[in-house]
Amino acid sequence: MVFGRMLMVLNDWRRARELERRAPEAIRAATLRLIAKQEQEKAERKRKVHELQRVFMERLDAATERHELKFQEAKKKFEGDMNGKMQDLQLQLQDQQKQMLPHVMTHVKEAQIHRLSDLLEKQRPE
């Protein structure tokens, strides 16, 4: 019984020594596995972030394009409205000018007559 007990102690001691000898390798292997797992998780997170960025940029580009189209349509409508208003204003101005032309001509003729009469009065011998 004592001999068996001694063998068990000896085997336990040998196992402990073997584990002690292998411990740095096991720790190193476990550390490498942990590092590899962390790197894999990091790469997966990075991939997900890039995918989210890509989707965001696609949606942003699509929204920008939609807003640009709406802006262009609104701009064309505004320009069309402004062109129509400008044409209306030009026609109104032309009509007013046509209506005012006889009055202006009358005033011009009267002014010419006054000038001529002033000139004639100055040139008259006294």
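Residues that are open to solvent by 100 Å² or more (accessible area, probe 1.4 Å), closer than 27 Å to ALA16 by Cα and not aliphatic (A, V, I, L, M) within the stretch 26-60 comprise ARG28, ARG33, listed in sequence order.
For the stretch 84-102, state whether one or more residues are free of Cβ contacts under 8 Å to residues at least 12 places away in the same chain, within 42 Å of the chain's Cα centre (by Cα) and open to solvent by less than 80 Å² (accessible area, probe 1.4 Å). Break it down stepwise before answering.
Looking only at the stretch 84-102, we keep the residues that are free of Cβ contacts under 8 Å to residues at least 12 places away in the same chain, and these are 84-102.
Narrowing the set further to residues that are within 42 Å of the chain's Cα centre (by Cα) leaves 84-90.
Checking the rest, the ones that are also open to solvent by less than 80 Å² (accessible area, probe 1.4 Å) come to 84.
Looking through the stretch 84-102, at least one residue is free of Cβ contacts under 8 Å to residues at least 12 places away in the same chain, within 42 Å of the chain's Cα centre (by Cα) and open to solvent by less than 80 Å² (accessible area, probe 1.4 Å).
The values are calculated or read from the model by the stated rules, or taken from the named source; none is laboratory data. Predicted, not measured: the structure shown is a model, and the values here were computed from it. For neighbour counting, all protein chains shown are included, and Cβ atoms are generated from backbone atoms with ideal geometry for every residue, glycine included. What goes into the accessible areas is simple: the full protein's heavy atoms, side chains included, and nothing from ligands, DNA or RNA. Shrake-Rupley method; radii C 1.70, N 1.55, O 1.52, S 1.80 Å.
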